[in-house]
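**Q** Sharing a structure with you now.
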Amino acid sequence: MGWVGVPDERSGERRVVSAVSLFDSDGKLTDRDGLRSVQFSGQRRVPTVTVDRVADTKTVEAIHESTGDTAGVHVHHSDGRIDAVVTPPPASLSGTAHIPGD
Amino acid sequence: MAFPTSNWFRKVVQDALQNTAAVDLNADTIKCALFTNSITGTFAFDTDTGYGLAPWNANEVTGTGYTAGGAVCTSPAVTVAGGTLKFDASDPAWTTSTITARGGLIYDDTVSDYGIVAVNFGSDFSSVAGTFTVQWHANGILTIA
């Protein structure tokens, strides 16, 4: 999700402006300052990493690219082997045929 | 194109309700075939039959430890409780495999390879000389509430 933050003329605080076009119909940039002000409200999701020193493994979380939820893990072994464990949510049969989490 | 959003196949339900497919999800051999994110084509879940027919006839995973057609999900079971119908089965696994997959097609290997549900994993998963496991949710593979 992106938004254009334009400084308020009086307070100087940035405010959210919607329906602003930064490009003309040919795709040429028309508002360079506006483009610089684009910010993203989302936060980067860092995968969880756990190390098991007894088993000598490192488990790295795989993040679902659409939802940001956990999609499963990759388990790295010291000998180079990698296990993959996928943990999909159940498919939900509904009138809209939408499956939560995907 | 890429692996589609998780979805269920209406065709198998339609054919079962019209008595043109003798599908028995309690007794049939249910398989999970893995596909890469390179899968292309039109995904028509209203009319697509399932495994082996376009678009589910290409871009299946290849690699060490994987056999075309996928792995059997043993102990399939349809249960109903608390107003929810649940279809579940054992977790398929490919041991000593070196493969990459983006999603799985769960289908009825006994009756016309009917597709039941396509599950997008949400990310590419890769095993290297290890075990690739699809661990179904405690609420099953498919629920109808």
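The values are calculated or read from the model by the stated rules, or taken from the named source; none is laboratory data. Just so it is clear, the model here is predicted, and its values are computed rather than measured. Don't worry about glycine lacking a Cβ; one is built from the backbone with ideal geometry, like all the others, and counts go over all protein chains shown. Heads up: the accessible areas ignore ligands, DNA and RNA and are worked out on the full protein's heavy atoms, side chains in. Shrake-Rupley method; radii C 1.70, N 1.55, O 1.52, S 1.80 Å.
**Q** Leaving ligands, DNA and RNA out of it, rank B:Arg102, A:Arg32 by accessible area with a 1.4 Å probe, largest first. Write down the numbers at each step before the final one.
**A** Values: B:Arg102 25, A:Arg32 145 Å².
My answer, sorted largest first, is A:Arg32, B:Arg102.
**Q** Rounded to the nearest 100 Å², what is the sum over both chains of accessible area buried where A meets B, with a probe of 1.4 Å? The partial results should precede the final answer.
**A** Details: alone 8330 and 7190 Å², together 13180 Å².
So the buried area, both faces added, is about 2300 Å².
**Q** Could you look at the protein assembly as shown and say what percent of its accessible area is carbon and sulfur, using a 1.4 Å probe and all protein chains? It would help to have the intermediate numbers written out before the result.
**A** Numbers: 6600 of 13180 Å².
For the protein assembly as shown, the apolar C and S fraction of the accessible surface comes to 50 percent.
**Q** Another one. Along each of its three principal axes, how wide is the spread of alpha-carbon positions in the stretch A:52-97, in whole angstrom units, largest first?
**A** Per principal axis, max minus min of the Cα coordinates gives 48, 16, 16 Å.
**Q** Additional query: How much area per residue is accessible in the protein assembly as shown when the probe is 1.4 Å and only protein heavy atoms are counted (Å²)?
**A** On the way: 13180 Å² over 247 residues.
Computed with neighbouring chains in place, this is 53 Å² per residue.
**Q** Which order do you get for A:Leu35, A:Leu93 if you rank them by accessible area with a 1.4 Å probe, largest at the top?
**A** Per-residue accessible area, sorted high to low, gives A:Leu35, A:Leu93.
**Q** So what's the protein assembly as shown giving for Cα Rg divided by 2.2 N^0.38 Å, two decimals?
**A** Values: Rg = 22.3 Å, N = 247, 2.2 N^0.38 = 17.9 Å.
Dividing the Cα radius of gyration by 2.2 N^0.38 Å gives 1.25.
**Q** Also, I was wondering about something else. Per residue of A:64-70, count partner chain C-beta atoms within 10 Å of its C-beta, then hand back the mean as an integer.
**A** Details: counts 4, 5, 5, 1, 1, 1, 2.
What the average comes to for A:64-70 is 3.
**Q** With 5 Å bins from zero, work out the P(r) of the stretch B:7-144 over every alpha carbon pair and list the percent per bin.
**A** 2, 10, 20, 24, 21, 14, 6, 2, 0, 0
**Q** Just from its helices, what would the mean residue ellipticity at 222 nm be for the protein assembly as shown, if runs of 4 or more DSSP H residues each count -39500 (n - 2.57) and the sum is divided by every residue, rounded to the nearest 500 deg cm²/dmol? It would help to have the intermediate numbers written out before the result.
**A** Details: 2 runs with 13 residues, N = 247.
Result for the protein assembly as shown: -1500 deg cm²/dmol, rounded to the nearest 500.
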